[in-house]
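Written out below as structure tokens is the structure these notes cover.
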Amino acid sequence: MIGRYETPNFRRSWGRRPGSATLIDVTSASLGTLRPVHAGVTDYLTAWDEQRRLHEAVASGTEPDTVLLLEHPSVYTAGKRTEPWDRPMDGTPVVDVDRGGKITWHGPGQLVGYPIVKLPDPLDVVAYVRRVEQMLIDVCAEFGLPTDRVEGRSGVWVPSDERGPERKVAAIGIRVARGATMHGFSLNCDCDLGAFDNFVPCGIRDAGVTSLSAELGRQITVAEALPIVEKHLPTILA
């Protein structure tokens, strides 16, 4: 069942592109309810504030599991394992956040998803990350791009081939508090991959970064990827 849902708080505080304020309930009798929120282009700190508000509400049971789907203006964010030498070499400002992982970039042409969902007891964070990975693998497959996991590394990867070593097409960074998740995933659609040249993405030096467009040889926009990601979102629920 698909229904519509809007919150006054969202309407009042979020910048977005025209037509991007549609909020949709995706309901499954077997998987429960997951509410995707289309937030358009939203600066990182505004989105982080909304994540924290939603996290408190979801953890308290006053709002349903929610996924923020958006693009950010160009920004670097650093997870808890970021080392000083991981940061951009030119001194570009970095937002330090409370997720796992190291440094990454968000910006135009990249679809970002922040699932705020209540995990079942007993908590199994690794299983949740695997479900997010599987969702992204399924999305890439729908575009005709084979991807997989790489042992010891989070995210979704294009296997090594004649074009080069393994290449990350989607990144994942998660935090769990009070049994509910924060932060999430980013899928490179048609972003400027040069943004990743200024640092070591996720601290991994022996692999590359890619996008759906670069791998498929045609432009895949965030707008094109959005409904495909939304279709596969129930995969992340236990």
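Observations
- For the set K80/K231; K168/K231; K80/K168, the pairs lying more than 25 angstrom apart at their alpha carbons are K80/K231.
- Under the Karplus curve 6.51 cos²θ - 1.76 cosθ + 1.60, θ = phi - 60°, whole-Hz ³J(HN,Hα) for the stretch 210-217, x wherever Gly or Pro sits: 9, 9, 4, 5, 5, 6, 8, x
- Sparse packing (at most 16 other Cβ atoms within 10 Å of the Cβ) combined with a DSSP loop state is found for the following trypsin sites (Lys or Arg not before Pro) in the stretch 62-123: K80, R81.
- Near the amide H of I116, within less than 5 Å, lie the amide hydrogens of T66, V67, L68, all on another chain or at least 5 residues away, with H placed in the peptide plane.
- Loop-located GluC sites (Glu not before Pro) in the stretch 95-184, at most 15 other Cβ atoms within 10 Å (DSSP): E151, E162
- Whole-Hz couplings from phi, Karplus 6.51/-1.76/1.60, listed for the stretch 181-192; x for Gly and Pro: 8, 9, 6, x, 9, 9, 10, 6, 9, 9, 6, 6
- Here the Karplus curve 6.51 cos²θ - 1.76 cosθ + 1.60, taken at θ = phi - 60°, turns the phi angles of the stretch 225-236 into couplings of 6, 3, x, 6, 4, 4, 4, 9, 4, x, 4, 6 Hz, with x standing for Gly and Pro.
- In this structure, the amide hydrogen of I174, modeled 1.01 Å from its nitrogen in the peptide plane, lies closer than 5 angstrom to those of G100, counting only residues at least 5 positions away or on a different chain.
- For T210, the residues whose amide H sits under 5 Å from its own are K168, V169, ignoring neighbours fewer than 5 places away on the same chain, with H placed 1.01 Å from N.
- Of the trypsin sites (Lys or Arg not before Pro) found in the stretch 134-190, those in coil by DSSP whose Cβ has at most 14 other Cβ atoms within 10 Å are R163, R178.
Coordinate-derived values only; no laboratory data. Values in this document were obtained by computation on a predicted structure and should not be read as measured data. Because the Cβ atoms are built from the backbone with ideal geometry, glycine has one as well, and the counts that use them run over all protein chains shown.
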